[in-house]
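A short reminder: the numbers here are calculations on the coordinates, not readings from a lab. The structure presented is a predicted model; accordingly, all values stated were derived computationally and were not measured. Ideal geometry is used to build each Cβ from the backbone, glycine not excepted, and the neighbour counts take in all protein chains shown.
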Amino acid sequence: MINSRGFNIGFKAWIQFAGVGLFIAGLISSFWSSYADIVYIWWRSETFAHGFLVLPIVVYLVWQKHHLLQVVTLESDWRALPVLSGVGLIWLLARLTEVAVIEQLMAVTFIPLVVWLTLGSAATKILAFPLGFLFFAVPMGEGLVEPLMQFTAAFTVMLLRFTGLPVFWDGTFFSIPSGDWSVVAACSGIRYLIASLFLGVLYAYLNYHSLWRRLAFIALSAIVPVFANGVRAYLIVMIGHLSDMKLAVGVDHLIYGWIFFGFIMFLLFAIGNLWSEPASVTHPAAQNTLPSLPLPKTPLPITHTLATFTLGLCAVVLWPGLNHYIAHSNHQRDSQLSFIMPTVTPWQMSLVPFTTWMPRYLDAVMETRQEFQANSDMSQLAGIYLAFYDKTNHGELVNSENQMVTQTDSVWKMPMQHSITVNLAGAEIDLYESRIKSETQTLLVWHGYWIDGHWVANGYLAKLTEAWAALFGQRHRQVGVVFYAPMTDDKLDVAQAQLQQFVNAAWQPLHEQLQQLP
């Protein structure tokens, strides 16, 4: 009920609010490492620093709705239990396979589910937006960096050519008469996109009531920063070009970028203000009116509430317990590992390496490489690099930090990478193809993953294979496999044919040798 003295709820409702607090404490205790990792990423990454604002904003938005919670019947809802269990299972799989973004996403998903379980569907419907806004706390979106880099490079090159400048373009690298440029992760625009969406969603909720207005402004908040970042990159290149490469070639171009972003956001909100709705429409809650809510006909007994809470707590603490058990079992296994590179007929092992390039695989249990030359033509060269992982160490095979070339590499650059399908012994195998360049050499590289006898290239499929192995106690050996060959005069088709010939010869003996891993 609502009375003149303010907040007034019944004894049973107090039990349910206390249940929310108990569940939140249980979540923090059980999934502490997941939440701590989220906060650590906020702290170290400027891209996700907005996460520190999420919780205060959510608390404020929930407080704005507190008078609505007083006039609905709060009932625990057992229908949240299977969903809670499903989210827990996904968290466990993500934890076992070290997919941090999914693990953290599931950890945050627990919170709205706990509200649904303890307070019921009516309260959850009232708090839908604040609970949904919690997902901005999850540091996700880095998977968009590479496509955003490609788009920014293509958009910049298009504007430069439209301006009349001749451009040599290769992936994320391009050259104009005054100098060479590249689009790196910091210039991808991911920071602009995430910041714009964060502000845009909040602005749309607070200023509009019509669904189409909210969706339209959110869409603008996603589209505008992507194209604005392309314009920003173009302007920086032009400033460098017109100043004879004296301006906008260092940290100053990042400063220009944030000033430009601030101007774009000002224009975006100015446009959004043109769609503003009257306060009486925008804030129906201020009129003490309720949306249509499902209200139970008769209150459920308190025993139902306590039973639901007990089952919910079990569904929460089960998964960290299983994770601890499986992780402990994995660490008890023998981690001794040895491997001998197989013979590849009709190729012979070369004693002299033909390249100084090596991919980067962090925290591998063991790394090995071998280069070969064809018996029929000693000028035909190819190589194999292998990085071995298992669950007895803290390394992770499928990791964004494991790269063919790092962006900070001063010698090697990787203009392009894409997936290809290779026909081997009548079977089609997916691999990634990269072209890697230095000032003196170009390499064609194919790479993928070997996980417990399965060849995969897609990172998501690789993670699912890892999860299956972890859950069912398999050996869980993981190997990053890289094939490479020199590429002469940028003749891609010739290099592909040569690498295909080598991989055809190496594939089966390599697979058989990997099958013998302990």
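What nm value, rounded to one decimal, do you get for the distance between THR440 and ARG161 when each label is placed 7 Å out toward the C-beta?
It is 3.4 nm.
For a Förster distance of 25 Å, can you work out the FRET efficiency between the beta-carbons of ASP363 and ILE340, rounded to the nearest 0.05? The partial results should precede the final answer.
Details: r = 23 Å, r/R0 = 0.91.
E(calc), rounded to 0.05, equals 0.65.
Using a Cα-Cα cut-off of under 19 Å, which aspartates and glutamates could be cross-linked to LYS65, ignoring same-chain neighbours fewer than 8 residues away?
Output for LYS65: GLU75.
So for each of 58-70, 491-503 I average, over its residues, the number of other beta carbons within 10 Å; can you give me the resulting order with the highest mean first? Please report the intermediate quantities before stating the final value.
Values: 58-70: 15.0, 491-503: 16.8.
With the highest mean Cβ count within 10 Å placed first, the list reads 491-503, 58-70.
Tell me, what ³J(HN,Hα) does each residue in segment 482-497 have, in order and in whole Hz, if you take phi through Karplus 6.51 cos²θ - 1.76 cosθ + 1.60 with θ = phi - 60° and put x for Gly and Pro?
Residue by residue, segment 482-497 yields 10, 10, 8, 8, x, 10, 9, 6, 6, 8, 5, 5, 5, 5, 5, 5 Hz.
HN-Hα J couplings of segment 403-412 from phi, Karplus 6.51/-1.76/1.60, θ = phi - 60°, integer Hz, Gly and Pro as x?
Each residue's phi maps through the Karplus curve to give 9, 5, 9, 7, 5, 8, 5, 8, 10, 9 Hz.
Quick one: dipole size for segment 347-515, taken about the Cα centre, charges +1 on Lys/Arg Cβ and -1 on Asp/Glu Cβ, in debye to the nearest 20.
Result for segment 347-515 is approximately 160 debye, rounded to the nearest 20.
Taking a cut-off of 19 Å between Cα atoms, list the aspartates and glutamates near LYS491, but don't count ones fewer than 8 places away on the same chain.
Straight-distance partners of LYS491: ASP170, ASP377, GLU433, GLU439.
How far apart, in nanometres, would the label points at PHE135 and ASN423 be if each is projected 7 angstrom from Cα along the Cα-to-Cβ direction?
A separation of 4.3 nm, rounded to one decimal place.
Using the C-alpha gyration tensor of segment 347-515, what are the square roots of 5 times its eigenvalues, in whole angstrom, with the largest one first? Can you show the working numbers first?
On the way: eigenvalues 137, 68, 44 Å².
So the three semi-axes of segment 347-515 are 26, 18, 15 Å.
Tell me which GluC sites (Glu not before Pro) from segment 370-457 have a DSSP coil assignment and no more than 13 other beta carbons within 10 Å of their own. List each step's numbers first, then the result.
On the way: sites: GLU371, GLU396, GLU401, GLU428, GLU433, GLU439; in loops: GLU396, GLU401, GLU439.
For GluC sites (Glu not before Pro) across segment 370-457 that sit outside H, G, I, E and B with at most 13 neighbouring Cβ atoms in 10 Å, the list reads GLU401, GLU439.
Starting with the highest mean, order 37-43, 462-468 by the number of other Cβ atoms within 10 Å, averaged over the residues of each peptide.
Working: 37-43: 15.9, 462-468: 20.9.
So the peptides 37-43, 462-468, ranked by packing, come out 462-468, 37-43.
I'd like the Karplus ³J(HN,Hα) series for segment 440-448: coefficients 6.51, -1.76, 1.60, θ = phi - 60°, whole numbers in Hz, and an x wherever there's a Gly or Pro.
After applying 6.51 cos²θ - 1.76 cosθ + 1.60, I find 10, 8, 10, 10, 9, 10, 10, 8, x Hz.
Over segment 143-274, what is the mean sequence separation of C-alpha contacts under 8 Å (at least six apart), divided by residue count, expressed as relative contact order in percent?
Values: 137 pairs, mean separation 31.0, N = 132.
It comes to 23 percent, rounded to a whole number.
With +1 on the Cβ of every Lys and Arg and -1 on the Cβ of every Asp and Glu, and nothing else charged, how large is the dipole of segment 143-274 about its Cα centre, in debye rounded to the nearest 20?
Working: 6 positive and 5 negative charges, 92 e Å.
Dipole magnitude for segment 143-274 comes out near 440 debye.
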